[in-house]
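What follows is a single structure, written as structure tokens, with notes after it.
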Amino acid sequence: MPKTARLTSSLSSSQEDYVKALYKLRHTGHGVSTSELAEHLHVSAPSVSEMFGKLAALGLVSHDRYRGAELTERGEAVAVEMIRHHRLLEMYLVKALGYSWDEVHEEAERLEHVISEQFEERIAAALGRPRRDPHGDPIPSERGDLEESPHTPLTACAAGDLVRVRRVSDSDPDKLRAIGELGLQLGADVEVLEPSRYEGPITVRLGRRLRQIPLGLAREVFVGD
């Protein structure tokens, strides 16, 4: 259903971060463990356990000591709202303010907690309601629909494959900068000439240029037709 008010208005930034992390780490058939979430967020296990209790009291999480934590339907709606804020902000920072794709993640992490629904709508309208962020990740719709598009890691391609860069992981700014410098921008056409051997680089053709893509960077690049 369409949003009428900000779902996260009564939550702290920390609570929103936990909910978003649970969504990112979710599994099929079982929950996220305390240790797994603690490692992801770089916090202590007791801190995670305490937060699970708070989020459960708010109706956002169901938690079982043996099966781990899972988001409720309301918890998932909150997480998707935060993801929409984040990815719209990333696109706005790139398109309107001239940020590079390796600069936007941390800025969006801070801003996603404070923007209003009106501001979110203004950003979306100003950008022409984009469907993907600067890294190729899907932007949830106003109704909360999030369509994940499975793409193949560049590392899984075989010699002779002709593919197009569809998504790049935004987890490491240094790697993003290096990937951009190699020319692996979204939409770039890539011909795989030689896959990695013995953990060595992948040889590709980008336009008229041959490139050696280190395996650590190739793992962050996802391609499709």
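Structure above, values below:
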| quantity | calculated |
| --- | --- |
| Failed item in (1) assigned by TED's automatic domain parsing to the domain that holds residue 17; (2) out of contact with any Phe, Trp or Tyr (no Cβ under 7 Å at 6 or more places or on another chain), with residue 123 passing the rest | (2) |
| Hits in the range 162-194 (condition: more than 21 Å from residue 132 (Cβ to Cβ) and free of Cβ contacts under 8 Å to residues at least 40 places away in the same chain) | 162, 178, 181, 191, 192, 193, 194 |
| Residue check for residue 44: of a type in the set (Ser, Thr, Tyr) and in contact with a strand residue (DSSP E or B) (Cβ under 8 Å, 6 or more places away or on another chain) | no |
| Residue count for the range 184-202, restricted to those that are over 15 Å from residue 136 (Cα atoms) and either surrounded by 14 or more Cβ atoms within 10 Å (Cβ to Cβ) or out of contact with any Leu (no Cβ under 8 Å at 6 or more places or on another chain) (or both) | 11 |
| All positions within the range 11-28 that are of a type in the set (S, T, N, Q), in contact (Cβ under 8 Å) with a residue 40 or more places away in the chain and either surrounded by fewer than 17 Cβ atoms within 10 Å (Cβ to Cβ) or not in a helix (DSSP H, G or I) (or both) | 13 |
| Any hit, the range 126-134, residues being at pLDDT 95 or above, surrounded by 21 or more Cβ atoms within 10 Å (Cβ to Cβ) and closer than 26 Å to residue 222 by Cβ | yes |
| Selected residue (only one of 219, 167, 205 is surrounded by fewer than 16 Cβ atoms within 10 Å (Cβ to Cβ) and among the basic types (Lys, Arg)) | 205 |
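The values are calculated or read from the model by the stated rules, or taken from the named source; none is laboratory data. Model, not experiment: these values are computed from the prediction. Methodologically, a virtual Cβ is constructed for each residue, glycine included, from the backbone with ideal geometry; neighbour enumeration extends over all protein chains shown.
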